[in-house]
1. For a quick check of your reading of the model, give me the residue pairs whose first member lies in segment 170-190 and is part of a strand (DSSP E or B), whose second is modelled with pLDDT under 90 and among the hydroxyl-bearing types (Ser, Thr, Tyr), with beta-carbon atoms closer than 6 Å and at least 6 apart or on different chains.
2. From the list Leu280, Leu232, pick out the single residue that is within 29 Å of Gly322 (Cα to Cα) and outside the structural domain of Pro158 (by TED's automatic domain parsing).
3. Which strands (runs of 3 or more DSSP E) does segment 228-330 wholly contain that include 1 or more residues that are more than 21 Å from the chain's Cα centre (by Cα)?
4. Mind listing whichever residues of segment 191-207 are within 16 Å of ligand 2 (Cβ to nearest atom) and part of a loop (DSSP other than H, G, I, E, B)?
5. Give the residue, chosen from Lys134, Lys170, that is of a type outside the set (S, T, N, Q), away from ligand 2 (no atom under 16 Å from the Cβ) and within 30 Å of Asp290 (Cα to Cα).
6. Starting from residues that are free of Cβ contacts under 8 Å to residues at least 40 places away in the same chain and small (Gly, Ala, Ser), keep the ones in segment 139-167 and report whichever is nearest to ligand 1 (Cβ to nearest atom).
7. Residues of segment 106-156 being at pLDDT 95 or above and among the aromatic types (Phe, Trp, Tyr), which ones?
8. Under the condition of being touching a Ser or Thr at 6+ places or on another chain (Cβ under 9 Å) and crowded, with 17+ Cβ neighbours inside 10 Å, which residue from segment 22-44 is nearest to Tyr63 (Cα to Cα)?
Amino acid sequence: MESDYYQILGVPRDASQDEIQKAYRKLSRQYHPDIAGKQYEDKFKEINEAYSVLSDPKKREEYDRGPSPYSAGSGGAGFSPMGFTNLDDLFGQFFGGSPFGEAHGSPIPRENRGGDEITSVTVSLKDAVFGTVKQIEIPTFGKCPACKGTGSKSQSAPIVCPSCHGTGVKQQIQRSILGQIMTSAPCPQCQGHGTIIPDPCPQCQGTGRVRVKRTVEVKIPAGIEDGTRIKLVGQGEAGQLGGPAGDLYIEVHVSQDREFTRKGQDLHCWLSIPMTWAALGAKTTISTFDGKKELEIPAGIQYGQTVEMPGLGLPKSEKDRGDIVVHVQIQIPTSLTSQQKELLEQFASSHDSEAGGNMQAAQEIKPKKGIFARMKDALKGE
Ligand SMILES: [Zn+2]
Ligand SMILES: [Zn+2]
């Protein structure tokens, strides 16, 4: 049955590409079988099908014009996924019933290209930085092993249909008020193929393909963006009776990371440091996707200022990578020992005498052995 792609995605018919993409992202996450459960597999496929048409302006235009040639099974055997290719097809469609056979008087080919498929895979942000290889199991159509894709139990080639002698068409004379008219229709014995398989394979009902679960390997390139689609040519559904396989599209989602947020090719994170580090500067280590790396915090850094760690972000080119941008958050102690309090009060009295609380003054105080160094040790509990 024809389904309304707009309804499936819950968008108005005049939705922008942006709205369609947003709706699709939301739904594909919600109904992904890995998240929502196996019972949503069909729903998920339906959403993907709707999106594959509506996201492509050309296909969308064709869809808006009339019955979708893209929805699986909508046109029956031989329905071309290319849509109407010429006027003959168009007239055949509207005036003659089947768009094939009749209009051309030639048999419908038995071999049929397999459908394209779409699936999705989620990778970590680290995988997006370095790239990875994923094995994905997809339910699809594969060549029937019992008949080796021939559709015949004895694996013999189809024979010429005795009823239509290979034309795929049966002509009939009908009486009407205009007199006798000759009509032609696809041969019922061979469904217009012009050939029959006398011993259809019971495993695949003579189609040459069966439902299988196949594991495909997909290489996720470094730097991949969330929502990117990777096309694997010929990895979709197996074709019918020796027809070419369809293509497989894999939509890659990059999961959120607990520490890092991606902005372009840079990775942003927050680092909370003691106020003494902010005032005096410090060296610390940060766990990056490249392992632990030293980070030098300059003295006098303010809340919200950033320190960059070049070359630890996502790839910009083969050799160049973005940066890690560390946003600094400064911890103000919430409880102080009496010793710490005393030291801070000493600091305050020396500090307040200069420039009315201007923090620039802190930089002028020599660290090491000074009041600030002792205060730092005290705050660290040493
Ligand atoms: Zn026939
Ligand atoms: Zn078979």
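1. Within 6 Å, the pairs are Gln171/Ser184; Gln172/Thr183; Gln174/Thr183; Pro186/Ser98.
2. Numbers: Leu232 fails: outside the structural domain of Pro158 (by TED's automatic domain parsing).
Going through Leu280, Leu232 in turn, just one is within 29 Å of Gly322 (Cα to Cα) and outside the structural domain of Pro158 (by TED's automatic domain parsing): Leu280.
3. Details: elements: 228-232, 248-254, 261-263, 266-274, 282-288, 291-297, 306-309.
Filter on segment 228-330 gives 266-274, 282-288, 291-297, 306-309.
4. Ile197, Pro198, Asp199, Cys201, Pro202, Gln203, Cys204, Gln205, Gly206, Thr207
5. On the way: Lys170 fails: within 30 Å of Asp290 (Cα to Cα).
Within the list Lys134, Lys170, the selection yields Lys134.
6. Ser163
7. Phe130
8. Among those that are touching a Ser or Thr at 6+ places or on another chain (Cβ under 9 Å) and crowded, with 17+ Cβ neighbours inside 10 Å, it is Tyr24.
The values are calculated or read from the model by the stated rules, or taken from the named source; none is laboratory data. Remember, it's a predicted structure, so these values are computed and weren't measured experimentally. We place every Cβ from the backbone using ideal geometry, glycine too, and count neighbours over all the protein chains shown.
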